[in-house]
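Since the structure comes first, as structure tokens, the remarks are kept for the end.
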Amino acid sequence: ARTATPGDVLRYTLRFQTTDQPLSNFRIFDDVDGLNSLPAFVAGTMTLVAYPPGADISNTSSTGGTHGTGVLDIRNLNLAANSQLLIQFDITLRPVAPNGKIVTDQASARLANGTVIALSDDPTVNGTANPLVAGDGDRREVRIVSAPAFRVQKISTDLTLDPNGLLAGEPLRYQITVKNIGNADAANV
């Protein structure tokens, strides 16, 4: 998805592929909200959908990371030459977000000592998915589409409490309630 609305569940898919060399004892790391100045996701909603058998997922946390909204940290990964692995996780966007906000994410492949060997690349940006091409580690960006929506209620109360009804000139009390039931904050309304 290139766009989403607040409250949507996003599924991220990471594919790591080797070419002519095997790679052993590496990890995939993703601080899912680390590139966003304010949290974009709901803490506790990140769930692993798919990961390689035998991988160590014990450092993955749905409440870890920069904003406490999730960190993916899958270790003990081994991959033969000319093969690939797949990792998928779901995470929920916050229920309210400004229209046009860009939610950014990027994962990294790291050696066991933490050295970054590759950044995730979004092949939908320029068609290239080669981490060895300098500057091609495109971040995944999703634009939020949201808008405020209002429910307005008006209630009148007869202050005279006269059982025969209200007469001209007698007082009424009006109560107007406005509630934003949309998925974006409203300002200057």
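The values are calculated or read from the model by the stated rules, or taken from the named source; none is laboratory data. Bear in mind that the values here come from a model prediction, so they are computed numbers and not experimental data. Glycine also receives a Cβ, built like all others from the backbone with ideal geometry; neighbour counts cover every protein chain displayed. Just the protein is used for accessible areas: all its heavy atoms, side chains included, with ligands, DNA and RNA removed. Shrake-Rupley method; radii C 1.70, N 1.55, O 1.52, S 1.80 Å.
Structure data summary
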{"quantity": "Test result for D162, outside any strand (DSSP E or B) and open to solvent by less than 80 Å² (accessible area, probe 1.4 Å)", "calculated": "yes"}
{"quantity": "Those strands (runs of 3 or more DSSP E) lying entirely in region 38-107 with at least 3 residues out of contact with any Pro (no Cβ under 8 Å at 6 or more places or on another chain) and open to solvent by 40 Å² or more (accessible area, probe 1.4 Å)", "calculated": "47-50"}
{"quantity": "Any hit, region 75-90, residues being in contact (Cβ under 8 Å) with a residue 24 or more places away in the chain and under 30 Å from G182 (Cβ atoms)", "calculated": "yes"}
{"quantity": "Cβ-Cβ under 8 Å pairs, at least 6 apart or on other chains, region 1-29 side open to solvent by 60 Å² or more (accessible area, probe 1.4 Å), far side among the small types (G, A, S)", "calculated": "Q17/S83; T19/A81; D20/A81; Q21/A81; P22/A80; P22/A81; N25/A112"}
{"quantity": "Among the candidates L38, L14, residue that is more than 24 Å from P123 (Cα to Cα) and of a type outside the set (F, W, Y)", "calculated": "L38"}
{"quantity": "Test: residue in region 136-149 that is part of a loop (DSSP other than H, G, I, E, B), more than 30 Å from P6 (Cα to Cα), modelled with pLDDT of 85 or more and not polar (S, T, N, Q)", "calculated": "no"}
